[in-house]
Amino acid sequence: MDALINNQNRIPDEIIIVNGGGENNCQSTLEKWKSIFSNLKIIKTENINLANSRNIGLPYCKGDLILQTDDDARPLPDWIEKLEKAHTRYPAAGVIGGDIIDAGGRSYLSQIADTATFPHHFSTCEVRSVPGVNSSYKKEVISQVGEYDETLFRGEDVDYNWRAIKNGWKVVYIPEIKVYHVHRPTWNGLLKQHYMYGRAHYLVREKWPEMYSHYPKNVDSFYTLFKWMASWTWFPLVDAFLKLTVISMRRSKLMCSFARSKVRC
């Protein structure tokens, strides 16, 4: 809440919070924030999944642009400002998102989680999906696409963005639009997260057979056989190389930053 209310260059017109309660219920904290920001609406509900929570909150959103993030994310100060400008610059883009960077530290696990969990692109580009933790939608898209699929325990953002594409909208990724995110702090948690992502990918792929994937559903031709073999050899190697490049670049930036601060001292 501090990142959205106190630290944004452009103050939001309204904030809708869907509070699922549970073991770490933050209702009392949210009430304190409401006394600071009057346009904060808190909706109490049972925590089922993200799709359900978003379906509950979306009807309360009144603006022409709807920005989404999660409770474990911290948008950078120019987040709202840049998303607003991006939607003006790209009128055909119904969905715009950006980079998600780790807020947990500089450990090896942190760097692996940062690189492997979310997509990273070096320049503005058209993509098939952006993660829900750093996403924004024109209100017209929400009206056309409708509700999130609550049968999906993960991958509801991929499904929703694919439906936006099928409605004729573009999905755009802009690397300068950033949020910090608290990634999984343990190897076990990270592996479980990616296992769940894999299961969700299967479900979304079953729902949309025509959706692009490295993995062919059936091996019934030389092309699909070649693609199946590449999906287990070439694609993982290229993906690993690109992610290693990202890690190396970020390490270089951290070392450069540390060296400069040391010189100034």
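Derivation of every value follows stated rules applied to the coordinates shown; laboratory data play no part. What you see is a predicted model; the values in this text were computed from it and never measured. Reconstructed Cβ throughout: ideal geometry from the backbone, glycine too, with neighbour counts over all protein chains shown.
Here's the yes/no breakdown for (1) in a loop (DSSP other than H, G, I, E, B); (2) in contact with a helix residue (DSSP H, G or I) (Cβ under 6 Å, 6 or more places away or on another chain); (3) of a type in the set (S, T, N, Q):
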| site | (1), (2), (3) |
| --- | --- |
| Leu30 | no, no, no |
| Lys34 | no, no, no |
| Ile48 | yes, no, no |
| Asn52 | no, no, yes |
| Ile56 | no, no, no |
| Gly63 | yes, no, no |
So which helices (runs of 4 or more DSSP H) are wholly in the range 73-154 and hold at least 2 residues that are closer than 27 Å to Ile48 by Cβ? 108-117, 139-145
Residue identified as more than 15 Å from Ile165 (Cβ to Cβ) and either among the aromatic types (Phe, Trp, Tyr) or buried (at least 18 other Cβ atoms within 10 Å of the Cβ) (or both) among Ala93, Ala113, Ala103: Ala113
Criterion first (under 18 Å from the mean Cα position of the chain (by Cα), basic (Lys, Arg) and within 19 Å of Asn55 (Cα to Cα)) does Arg163 satisfy it? yes
Taking the range 164-204 and keeping residues assigned to a helix (DSSP H, G or I) and either of a type in the set (A, V, I, L, M, F, W, C) or surrounded by 18 or more Cβ atoms within 10 Å (Cβ to Cβ) (or both) leaves Ala164, Ile165, Trp187, Leu190, Leu191, Met196, Ala200, Leu203, Val204
When Ser38 is evaluated against the numbered criteria (1) without any contact (Cβ under 8 Å) to a residue 24 or more places away in the chain; (2) of a type outside the set (A, V, I, L, M, F, W, C); (3) outside any loop (DSSP other than H, G, I, E, B); (4) within 26 Å of Ile142 (Cα to Cα), which criterion, by number, is the only one it fails? (3)
